[in-house]
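Visitor: Once you've had a glance at the structure underneath, I'll fire off some questions.
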Amino acid sequence: MLRNYWKIAFRNMAKHKFISFINLFGLTIGMTCCLLILTYILHEVSYDKYNSKADRIYRVTRSFNNKEGITSLHLGAVAPPFGPLLQNEFPDIEKISRLLPIGTIPTRYEEKNCNYKDVFFGDDNFLGIFDIPMLKGNPATALTDPYSVILTEDVAKKYFGNADPIGQALLYDKNTRLEITGVAADPPSNTELDFDFVGSLAGAETMPIFKGLLDPARFAGGNFNTYFRLRDASAAPKVARTIRTNSSYSIRPPARRGRSERHNSLHPGLR
């Protein structure tokens, strides 16, 4: 019987070629669009899931509420002192790291100008929180020393070719010497941490681009993406509640007419 159904279908297609073409073409386009949408959705929901401890990694964010208590703005960066403050006050936090996005910085290697586009400066725990494979260098110490930097594999090949970049020095701002201490695998496409260059925050306060940014008393403003990993994922609600409601950690200016209220909160994962 099934064979007869196939015969009838092919006969109808041969008899009504134009209509059959339109139907098959529409079906093909529809299925292709569905597959593309499914691929896009799977890619989006997989962001930063490559981290083996993704369920324990959180990011401190900041939101602005208007006088009615409605969130009018949500930002992913906080002031620099929050990282050390949270680490000292919450035993549930295993590791914490701050990342300061810089954008593009020009450096010089010998007679070659090197312009790095996606530049971050971070604490030494950066490589301890995220699963970023290191191709060269020691991940435990790569960002420990002042003026140390790590590059991605693609960037290292672009500027150094097949030569080993470890130990080489990049000159920034004519008198700041940055030493390459590691080469990391290129970040995957489904990550927020898309970087070319990560420098150490240790000693960074002496660099002109960091002037005033690392002041431990500077709670106004916020430039630092602050991430931490919990010892146990079940502690997340308690930590989030304390960060959000405790005045020691929240930024809460006096509620005045027409002014907004700011407070900090947790965001699971990186996005």
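Visitor: Work out which helices of the chain, taken as complete DSSP H runs, extend at least 18 Å along their axis over the Cα atoms and score a mean Kyte-Doolittle of -0.5 or more, then list them.
Guide: Helices meeting the span and hydropathy rule in the chain are 17-45.
Visitor: Would you order ILE102, ILE180, ILE57, ILE22 from fewest to most other beta-carbon atoms within 10 Å of each residue's own beta-carbon?
Guide: In order of increasing Cβ crowding within 10 Å: ILE22, ILE102, ILE57, ILE180.
Visitor: Report, ordered by chain and residue number, the lysines lying within cross-link reach of LYS117, taken as a straight Cα distance under 24 Å and ignoring same-chain residues fewer than 8 apart.
Guide: By straight Cα distance, LYS117 reaches LYS136, LYS157, LYS158, LYS174, LYS211.
Visitor: In debye, nearest 20: dipole of region 1-85 around its Cα centre with unit charges on the Cβ of K, R (+) and D, E (-)?
Guide: Charge dipole of region 1-85: 580 debye, to the nearest 20.
Visitor: What is the sum of charges around ASP196, taking Lys and Arg as +1, Asp and Glu as -1, for the other residues whose C-beta is under 11 Å from the C-beta of ASP196?
Guide: -3
Visitor: So, one more: Remind me, what semi-axes does region 119-217 give for its equivalent ellipsoid, largest first in whole Å, using sqrt of 5 times each Cα gyration tensor eigenvalue?
Guide: Ellipsoid semi-axes (Å, largest first): 21, 17, 12.
Visitor: Taking the square root of 5 times each eigenvalue of the Cα gyration tensor, what semi-axes in Å does the equivalent ellipsoid of region 2-45 have, largest first?
Guide: 32, 13, 4
Visitor: List CYS33, CYS114 from most exposed to least, where exposure is judged by having the fewest other Cβ atoms within 10 Å.
Guide: Ordered from fewest to most neighbouring Cβ atoms within 10 Å, CYS33, CYS114 come out as CYS33, CYS114.
Visitor: Classify the chain as rounded, prolate or oblate, taking a ≥ b ≥ c as the square roots of the eigenvalues of its Cα gyration tensor: rounded when a/c is under 1.5, otherwise prolate if a/b is larger than b/c and oblate if not.
Guide: Verdict is oblate for the chain.
Visitor: Taking the Cβ of each residue in GLU94, GLU110, GLU89 as the centre, tally the other Cβ atoms inside 10 Å and list the residues starting with the fewest.
Guide: GLU110, GLU89, GLU94
Visitor: Now for a separate question. How far is the Cα center of region 218-242 from the Cα center of region 35-57, in Å?
Guide: That distance is 22 Å.
Visitor: For ALA184, list long-range residues whose amide hydrogen, built 1.01 Å from N in the peptide plane, is under 5 Å from its own amide hydrogen.
Guide: LEU135, LEU151, THR152, GLU153
Visitor: Right, another one. How far is the Cα center of region 59-127 from the Cα center of region 173-195, in Å?
Guide: 15
Visitor: Something else about it: Net charge near PHE228: determine it from the other residues with C-beta under 10 Å of the C-beta of PHE228, scoring Lys and Arg +1 and Asp and Glu -1.
Guide: Taking every Cβ under 10 Å from that of PHE228, the sum is +3.
Visitor: Related question: Is the shape of region 124-177 best called rounded, prolate or oblate, per the rule: a/c under 1.5 gives rounded, else a/b larger than b/c gives prolate, else oblate, with a ≥ b ≥ c the square roots of the Cα gyration tensor eigenvalues?
Guide: Since a/c reaches 1.5 but b/c is at least a/b, the shape of region 124-177 is classed as oblate.
Any read-out appearing in this document is the output of simple, stated calculations on the displayed coordinates, not a laboratory observation. The structure displayed is predicted, hence computed values, not measured ones. Here the Cβ is made from the backbone with ideal geometry for all residues, glycine too, and neighbour counts use every protein chain on show.
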